[in-house]
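The values are calculated or read from the model by the stated rules, or taken from the named source; none is laboratory data. Computed from a prediction, not measured in an experiment: that's the story for all the values here. Please note: Cβ atoms are built from the backbone with ideal geometry, for glycine as well, and neighbour counts cover all protein chains shown.
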Amino acid sequence: MKLDADTLAAIKWNEQGLIPAIVQDARTMDVLMLAFMNAASLQRTLDLGEAVFWSRRRQELWRKGATSNNIQRVIEIRVDCDADTLLLLVEPTGPACHTLKPTCFFRDLKAFAAKPERL
C-alpha cells in the first residue's frame with residue numbers, strides 16, 4: 001500500500017513530523033513498546049511488512065530487529081480516533097525491549113518510585 005497525500009495530510013503529525021506508535025502483540029495483546037514514526041518510516045513499514053521507526057536520538061530510520069533479529073512483523077496498523085497516534089499489531093520474533101524483556105513495560109510504578117533506576 002502506498003500512502004497518498006490525503007492520508008498523510010489527515011494524520012496529525014507533531015511539530016517534528018512524528019507520530020507516536022504503540023506496538024502491541026497481535027496474539028497476546030500485550031503492549032510491547034512505544035516508538036515514533038514519520039511519513040518515511042510508516043511507508044517503509046508498509047513496504048516491508050516489518051516495523052520501522054524514526055530514532056529521535058540518532059535522527060534516522062531504524063528497523064526493529066536490524067541488529068538483534070527481534071523483528072516485528074506487522075499484522076495491522078490502526079489510527080486512533082484523533083488521528084494522532086498509531087497502533088501497530090505485530091507478531092514479534094523476540095523480545096521488544098533492549099533489556100531482553102518481552103515488553104518495555106515491565107516495571108511497576110510503585111517499585112520504580114521506591115528505587116528509580118535508569119537502564
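A few notes on this one:
- Only a single item in (1) surrounded by fewer than 18 Cβ atoms within 10 Å (Cβ to Cβ); (2) within 13 Å of the chain's Cα centre (by Cα); (3) farther than 20 Å from residue 1 by Cα; (4) not small (Gly, Ala, Ser) is not met by residue 104, and it is number (1).
- Scanning the range 43-69 for residues that are modelled with pLDDT of 95 or more, assigned to a loop (DSSP other than H, G, I, E, B) and crowded, with 16+ Cβ neighbours inside 10 Å yields 51, 64.
- If the condition is being surrounded by fewer than 17 Cβ atoms within 10 Å (Cβ to Cβ) and not polar (S, T, N, Q), then the range 27-39 contributes 27, 29, 30, 31, 34, 39.
- Hits in the range 104-119 (condition: assigned to a helix (DSSP H, G or I) and not aromatic (Phe, Trp, Tyr)): 109, 110, 111, 113, 114
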